[in-house]
Each structure stands twice: as C-alpha cells, then as structure tokens.
Amino acid sequence: GAGVSQSPRYKVAKRGQDVALRCDPISGHVSLFWYQQALGQGPEFLTYFQNEAQLDKSGLPSDRFFAERPEGSVSTLKIQRTQQEDSAVYLCASSFGFVQGETQYFGPGTRLLVL
Amino acid sequence: GENVEQHPSTLSVQEGDSAVIKCTYSDSASNYFPWYKQELGKRPQLIIDIRSNVGEKKDQRIAVTLNKTAKHFSLHITETQPEDSAVYFCAASNAGGTSYGKLTFGQGTILTVHP
C-alpha cells in the first residue's frame, strides 16, 4: 500500500516568509509525529498527534511553529516568519496505534532552505 | 529527557567484514529501541527493533543486542555488502505515559562498505 507522503519535497523561502508543509500518513494510522533533521544529524522530535488531538508539542522550537491535523488524517506544519536556522529536512512519521513499541513509518521529508 | 549517544560517527569496512554500531541511552524508562537506515536524500527505514523484554534479536545478517543494566544497545551487521552503505540511526523511546512513543535519535553512523 501507499506509504507516508509529504509535499512539497523541496521548498526555498526568503527569510521572513511563511511556509506550510503537508504530511499524508498511512491510511488508518492513529499516531502522527513531526521531526526536524538538521544536516548531518539525527531527527529531532517536534510534535505528536493522536488522531486530531495534539498531545505533545514540547519539541517545537518557537511559537513561530504551528502544526494541525484537523480531521485526524492529513497534517500541516506551518512555520511563520522563517529564519535561516529553520533550514532543515522536516520528516513526518505515522504509526498504526499508540501502544508500546509501535513502528513509525517515515515520509521522504520536505527539505526547507531559508535564504 | 532522554539522551542517546551513538558511536562511531563513521565506519569503513571491507565487503564481507562485520560492522558494529553502539548506542547508549540515559532514561531507564525507555523500552523500545529501533534502528533506521537512511540512504542519501531518502527517508529513514526501519531495519530492526528490540523491546526491553528481549536481550537479542536477529534477522538474517542483522542483529541487535540490548543491555538494560548498562543502558546500551548495539547493531551488528555480518557479511557486509556495498548496498549496506548508508547512515544508520539508533533511537530510543518510552511508549508509556506521556511520552507517546516519540523517538530520541542518536547522531548517526556513516557506514561505508568497500567492494
């Protein structure tokens, strides 16, 4: 079946612009995670949704970052007034449920470059 | 919060040799430890995982060991092939409570297998 998809795959933004990154999880997956991967580093947790509820946003680096999943499927990560330090790959992952040790399936990521 | 350290950062082996990557974690409540392989520009893909009630798990040429007392786990790849060349990430999570299974990743190991 279809895996996790993300769009756009690449995004170039001028400093100060707003951007919106989309994630389509695997159909039926309850849990959805956003991670930020800086160049040469491991992914770092940003936020977690269980269906439409955002239960953990402890990893969001500033109030310029906002995420939503209004119908419990597609999710959007929005970054307002982008800064150069926001340049990274943004990865979305989904898992079937939320019990112990659920496998997280990753999307291909959106590579954001802020000039 | 959880902290995961991964070593070495780069590993170069000859085809047919074994490769070992080691990780340590700090949170004794962590109970799920996946390993992901990420090729350049691609999504992280799960290659093997282990849960805290198991000490070792093997899948063909890949094995993972877990020492809960010492809080470290390792990835072993035998009979390496050039197609094993990639970046490998370890991760840890505590799926219970308010952690919701979010993954904390190590810094990654660049594995190069020379033909």
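Listing for the model above:
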{"read-out": "Nonlocal Lys pairs with alpha-carbon distance under 18 Å, the protein assembly as shown (8 or more apart, or different chains)", "value": "16"}
{"read-out": "GluC sites (Glu not before Pro) within the stretch B:26-115: DSSP coil, no more than 14 neighbouring Cβ in 10 Å", "value": "B:39, B:79"}
{"read-out": "For the stretch A:1-108: relative contact order, % (alpha-carbon pairs under 8 angstrom, 6 or more apart)", "value": "35"}
{"read-out": "Kirkwood Rh and Cα Rg combined as Rg over Rh, evaluated for the stretch A:1-106", "value": "0.95"}
{"read-out": "Percent accessible area from carbon and sulfur atoms, the stretch B:1-104, protein chains only, probe 1.4 Å", "value": "46"}
{"read-out": "Number of partner chain Cβ atoms within 10 Å, mean per residue of B:28-41", "value": "2"}
{"read-out": "Rg(Cα) / (2.2 N^0.38 Å) computed for the protein assembly as shown, rounded to two decimals", "value": "1.01"}
{"read-out": "Electrostatic dipole magnitude of the stretch B:9-115 [Cβ: Lys, Arg +1; Asp, Glu -1; Cα centre; debye, to 20]", "value": "440"}
{"read-out": "Within chain A, longest stretch free of exposed trypsin sites (Lys or Arg not before Pro) [DSSP loop, at most 15 other beta carbons within 10 Å]", "value": "A:16-56"}
{"read-out": "Two-site label geometry, residue A:9 and residue B:5: point separation in nm, points 7 Å out along Cα→Cβ", "value": "3.8"}
{"read-out": "Inter-chain Cβ neighbour average for residues A:104-114, partner chain, 10 Å", "value": "3"}
{"read-out": "Student exercise, chain A dipole from Lys, Arg, Asp, Glu Cβ charges, in Debye to nearest 20", "value": "480"}
{"read-out": "Loop-resident sites, the stretch A:1-81, for GluC sites (Glu not before Pro), counting at most 11 other Cβ within 10 Å (DSSP)", "value": "A:71"}
{"read-out": "Calculated log₁₀ intensity ratio I(q)/I(0) where the Debye formula runs over C-alpha points of chain B, q = 0.18, 0.20 Å⁻¹", "value": "-0.86, -1.04"}
{"read-out": "Mean-position separation - Cα centroids, the stretch A:1-61 and the stretch B:1-41, in angstrom", "value": "23"}
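The values are calculated or read from the model by the stated rules, or taken from the named source; none is laboratory data. Nothing here was measured: the structure is a model prediction, and the numbers come from that model. A quick note on method: Cβ atoms are made from the backbone with ideal geometry, for glycine too, and the neighbour counts reach across all protein chains shown. For the accessible areas, the whole protein counts, side chains as well, though only heavy atoms, and no ligand, DNA or RNA atoms are used. Shrake-Rupley method; radii C 1.70, N 1.55, O 1.52, S 1.80 Å.
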